[in-house]
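Encoded as structure tokens, the structure appears first; notes follow it.
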Amino acid sequence: MRRLLPGLICTIVILVGCTAQSTTDQTQDINELKKQIEENSLEKEALLSTIKNQKEELELAKNEQVTSDSTTLLAKNIEKYPQTLYKSSTFDIDGDGEDEIIELYVNVEKMENGSLAWDDGQDWLLVVKDGGITYPLFDDYIQLGSLDFSTTTFDGEPGIVMLMTQHANITIQKLTYDKKEKGYEIETFYHKENMQDHYNQPASYGFFKDAYELMEIAFTAKTLAVLEASENSLQDRQERMAIIEPILVDVENAQQKLKVVVELNRELKISLDSTIDLLNEMVNNSPTADQMNQLRSIHSVFTEIGNGELIIEGVNQIHPDVKEKFQRIGFIKF
């Protein structure tokens, strides 16, 4: 027994030593792992900081480019047009007494029902046609956005207002014809992300009138079709959608233009939110008598306004008669 005791003690000592060594190794491994995690975390923070700084620099460069943008666009032959004509207008931009044709194209397929098969992004082309001469004013791809235009006058000089939305950004440019350079001078006067935002009354007038044209069409002839529809047609969902949805599309498009108007000119603030809610409710469910009366009131107001003066430009206000009628139907609230 005495001979076994020293050996047993030795074994215990060895085991204890191994356990201590194992614990030490584990502690070292854990410390090393913690160190690597801390280093990786620091590297991640540094990378995120670099990405953030680069993004800010890119945005700054973009804003500087936008605010300093002023160049002349010359005539050019267009080899291939996007597949769909999105919008067109006529206007005497160069002051020669004859209207030029302004056309906006988008590379989107038009389906059988007339709606467009929009994607996340598409090519847009805005041109002015003067006889056999074509001036491309915009020819590029827009991701998560769109292009629009209006016509107006800047200090008595006719021009085009071009609106581009992309992601959360809004850029508005004016284009006027330069007789000396024989091209269109483009100047950016509003960019939502820059530090030099300022209001532009002429551009707001152009978009306000465009929005009103959409509302006038929606709330007169198109609304009359709803008011004259039979009870059976209004009860049937498909028939109801066929006559109400075209109104809703025009009103939603008008609302988008009015949002741009407010960005440029707070004095022309109008909201169609409540009317859009009304139309959506009428599409989803059979209209109630109260809803039909609301729609009848809006129709009556736009019939009264007709093609009268909308804005008193000298004092930058909606015409008092029009303003009173808009208040009556809830388009203007205080």
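The values are calculated or read from the model by the stated rules, or taken from the named source; none is laboratory data. Note that the structure is a prediction, hence the values are computed from the model and not measured. Because the Cβ atoms are built from the backbone with ideal geometry, glycine has one as well, and the counts that use them run over all protein chains shown.
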Exactly one condition in (1) part of a loop (DSSP other than H, G, I, E, B); (2) modelled with pLDDT of 95 or more is false for residue 224; which is it? (1)
When residue 129 is run through (1) among the charged types (D, E, K, R); (2) surrounded by fewer than 18 Cβ atoms within 10 Å (Cβ to Cβ); (3) under 15 Å from the mean Cα position of the chain (by Cα), the failure sits at (3)
Of everything in the stretch 139-170, what is touching a His at 6+ places or on another chain (Cβ under 7 Å) and within 17 Å of residue 104 (Cα to Cα)? Give them in sequence order. 145
Filter the stretch 235-267 for residues that are crowded, with 21+ Cβ neighbours inside 10 Å and of a type in the set (A, V, I, L, M); the one that is farthest from residue 164 (Cα to Cα) is 244
Complete set of residues in the stretch 87-96 that are outside any loop (DSSP other than H, G, I, E, B) and touching a residue at least 40 places away in the same chain (Cβ under 8 Å): 87, 89, 91
Of the residues in the stretch 126-157, how many are modelled with pLDDT under 90 and acidic (Asp, Glu)? 1
Looking for something at pLDDT 95 or above, surrounded by 14 or more Cβ atoms within 10 Å (Cβ to Cβ) and more than 30 Å from residue 155 (Cα to Cα) - is there at least one such residue anywhere in the stretch 193-215? no
So, of the residues in the stretch 105-124 that are part of a loop (DSSP other than H, G, I, E, B) and within 23 Å of residue 79 (Cβ to Cβ), which turns out to be farthest from the chain's Cα centre (by Cα)? 109
If residue 204 satisfies every condition in (1) in contact with a Lys or Arg (Cβ under 6 Å, 6 or more places away or on another chain); (2) closer than 28 Å to residue 165 by Cβ but one, which is the exception? (1)
Can you name every one of the helices (runs of 4 or more DSSP H) wholly within the stretch 229-334 that holds 1 or more residues which are under 30 Å from residue 206 (Cβ atoms), among the charged types (D, E, K, R) and outside the structural domain of residue 116 (by TED's automatic domain parsing)? 237-264, 273-284, 289-305, 320-328
Is at least one residue of the stretch 110-123 within 15 Å of residue 81 (Cβ to Cβ), in contact with a strand residue (DSSP E or B) (Cβ under 7 Å, 6 or more places away or on another chain) and modelled with pLDDT under 90? yes
With criteria (1) within 16 Å of residue 207 (Cβ to Cβ); (2) among the hydroxyl-bearing types (Ser, Thr, Tyr); (3) at pLDDT 90 or above, residue 90 comes up short on (1)
Exactly one of these conditions fails for residue 182: (1) charged (D, E, K, R); (2) under 25 Å from the mean Cα position of the chain (by Cα); (3) surrounded by 13 or more Cβ atoms within 10 Å (Cβ to Cβ); (4) at pLDDT below 95. Give me its number. (2)
Name the residue, out of 140, 119, 99, that is among the acidic types (Asp, Glu), over 20 Å from residue 210 (Cβ atoms), without any contact (Cβ under 8 Å) to a residue 12 or more places away in the chain and surrounded by fewer than 17 Cβ atoms within 10 Å (Cβ to Cβ). 119
